[in-house]
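The values are calculated or read from the model by the stated rules, or taken from the named source; none is laboratory data. Computed from a prediction, not measured in an experiment: that's the story for all the values here. Methodologically, a virtual Cβ is constructed for each residue, glycine included, from the backbone with ideal geometry; neighbour enumeration extends over all protein chains shown. Remember, those area values only see protein heavy atoms, side chains included, never the ligands or the DNA or RNA. Shrake-Rupley method; radii C 1.70, N 1.55, O 1.52, S 1.80 Å.
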Amino acid sequence: MLKKNFFVISILCLISLALSAADKKSDTNSTEAAKPSYELPQPAKENLDLTMYQRIRDEGLGHSHIMEYASALADGIGPRLTGSPNLKRANEWTRDQLTAMGCSNAHLEDWGEFGMGWQQLNTWVRMASPDTAVFIAQASPWSPSSNGAVSGPAVSVEIKKDEDLDKYKGKLGGKIVLLGEMRDVKPVDKPLFEREDEKTLAKIAEYPLLEENEYAQYLRDFPRRMELQAKIWNLLASEHPLGVILPSRDGRNAGGSGGTIFDDSRGIGQYAYKREKAIPVPVVVMAIENYGRVYRLLKSNVPVTIEMNVDTKFTGDHEHGFDTIAEIPGADPKLKDEVVMVGGHLDSWASGTGATDNGAGTVVAMEVMRILNALQVKPRRTIRIGLWTGEEQGEFGSAGYVKQHFGFVPLSTAPDQLKLPEWRRKPAGPIQLKPDQEKISGYFNVDNGSGKILGVYLQENAAVKPIFAQWMEPLKDLSVTTLTMRETGGTDHESFDEVGIPGFQFIQDGLDYGSRTHHSNMDVYERLQPGDLAQAATVEAIFVYNTAMRDQMLPRKPLPHPELEEQRKAPLKKVMPGAEEVPEAKENK
Ligand SMILES: [Zn+2]
């Protein structure tokens, strides 16, 4: 931690200046004072405290402690699957560390019931004949135990459509099932570790026009895939095979090979953590090269015997999820009830130690709080950290927190939508807000791995662009150069954005996140880049500090109105000259 006294005077000056500015405003403009400050005109020029920039840089880059947090979390605690005993430890450890560094009011908040607690104690898989071989494999999360080593003939099962199911009925009992066809394994002829360059950043900065979004396609196919997957697991439940082996999927630049396995819920269904949807047989994900050998032998009609032992433990059926929350209280009597938040998700998958996903975002947010505590800042607004859990299953922790404090979006109850998991359902609106929604200026999130911060996804908030551009000017030498109007998704800033709160995810250097570490057994401490993480904490601390200190809250986008979406997207009527009138088609016909 840092020596103080030298800078106390400058902080006091700053606060008194800020206070007198705030006083003046409310005197001269009493009608406007009733409005939240994000609705007031924003100044053209940001008042930057460059001395504070330098102090934060000195603490964050020159006196970083981020890798100590990283090792404690990744090595000391390990993987943090939601509902697991390890995640409970991580919640408690983060709370205690935040208290120790000087935060106030560090506590855990219950966001609700999650499902089963689960631990992998040990997993091994080997080939016993026609040759012996030791394979690389780990249990799928929430896989049941095999209750000791089991041994049986391997059988290849490929189900792409409903009709394929019948082929296997009555044929899988006592077998080890290789579930899924063998995929291509391309040579790794591109780097697994890459940094963004001017070209890739320019692409991110460009707003996409009418780009068919891969994610939209994924969402469209989602119900169909979910249905077939449920049928496959029903078949397996009734057949009683000894175990199931899934091939590891690929990563970017063919990273899903060479011993890396991606081990999340993709092969086992969305709800494997719910007791009533529990996986019926032991399941492992296996390295693609090992899978390929057995697969080719079976295709050539060579009998293969596999031995496996999946040793797992369930620690409860109704585990709750908790977020870790702590604060640096605001010091300005008029603004201290307003909040700026920083955070990321604390939970992870289970085959690595969750170092980059999202140990990185967790320790960056913790280091932000440590830096600001070490500098003994007296922020005008309250600075609050939120470390979320249940992110990997649907952003449950942040969504629960936002619902309890700020508001929520009612979801569609249309019959087809009710079949989907909540986090896939269409918002129906109108958005229900709580009073504190007007008191939060912004939320900053890190969850794209270990890479340094290169800029910000503005999440289509045009009004905030000139503000962030000015904040970033003194950070250009740290590679912080790029603003994009694009929205980015898939993590916890969305929970805030959905209820009209400015929520931002930073643009980060990609490194080997997409190729090798995201949800994999290689998501470990060695994949963390200390310099990048120190930079990210420094930059995020400056963003958080600026948000806490400026006169106004950050400007907002118009509040979303999901209830008007259908009407706004409907084709215009009577546009085509000469078109004959057709009686309106009845719906549901
Ligand atoms: Zn993540």
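Please tell me if T362 is among the β-branched types (V, I, T), on the phi < 0 side of the Ramachandran plot, part of a helix (DSSP H, G or I) and in contact with a strand residue (DSSP E or B) (Cβ under 7 Å, 6 or more places away or on another chain). Judged against the criteria, T362 is a match.
Within segment 338-349, identify whether any single residue is touching a residue at least 40 places away in the same chain (Cβ under 8 Å), within 15 Å of the ligand (Cβ to nearest atom) and open to solvent by 10 Å² or more (accessible area, probe 1.4 Å), and answer yes or no. Checking segment 338-349: at least one residue is touching a residue at least 40 places away in the same chain (Cβ under 8 Å), within 15 Å of the ligand (Cβ to nearest atom) and open to solvent by 10 Å² or more (accessible area, probe 1.4 Å). Filtered by the rule that a residue be more than 21 Å from the chain's Cα centre (by Cα) and free of Cβ contacts under 8 Å to residues at least 60 places away in the same chain, segment 54-87 gives Q54, D58, G62, E68, G76.
If we scan segment 519-536, do we find a residue that is closer than 28 Å to N358 by Cβ, open to solvent by 90 Å² or more (accessible area, probe 1.4 Å) and either in a helix (DSSP H, G or I) or at pLDDT below 95 (or both)? Yes: segment 519-536 contains one or more residues that are closer than 28 Å to N358 by Cβ, open to solvent by 90 Å² or more (accessible area, probe 1.4 Å) and either in a helix (DSSP H, G or I) or at pLDDT below 95 (or both). Taken over segment 306-320, residues that are over 25 Å from the mean Cα position of the chain (by Cα) and exposed (fewer than 15 other Cβ atoms within 10 Å of the Cβ) amount to 1.
Selection of segment 394-425 for residues being of a type outside the set (A, V, I, L, M) and within 16 Å of the ligand (Cβ to nearest atom) yields G394, E395, F396, G397, S398, W423. When the strands (runs of 3 or more DSSP E) confined to segment 241-356 are screened for residues that are among the acidic types (D, E) and modelled with pLDDT of 95 or more, those reaching at least 2 such residues are found at 305-328. Taking the criterion of being outside any loop (DSSP other than H, G, I, E, B), away from the ligand (no atom under 13 Å from the Cβ), open to solvent by less than 10 Å² (accessible area, probe 1.4 Å) and not β-branched (V, I, T), the residues of segment 366-393 that qualify are M366, E367, M369, R370, L372, A374, G386. Among the residues of segment 478-507, those that are small (G, A, S), surrounded by fewer than 24 Cβ atoms within 10 Å (Cβ to Cβ) and within 16 Å of the ligand (Cβ to nearest atom) comprise G489, G490. Contact map, segment 114-127: residues that are under 23 Å from G400 (Cβ atoms) paired with residues that are assigned to a strand (DSSP E or B) and open to solvent by less than 10 Å² (accessible area, probe 1.4 Å), Cβ distance under 7 Å, separation 6+ or inter-chain. Pairs shown: F114/G321.
The test for being within 30 Å of G267 (Cβ to Cβ) and of a type in the set (A, V, I, L, M, F, W, C) holds for L528.
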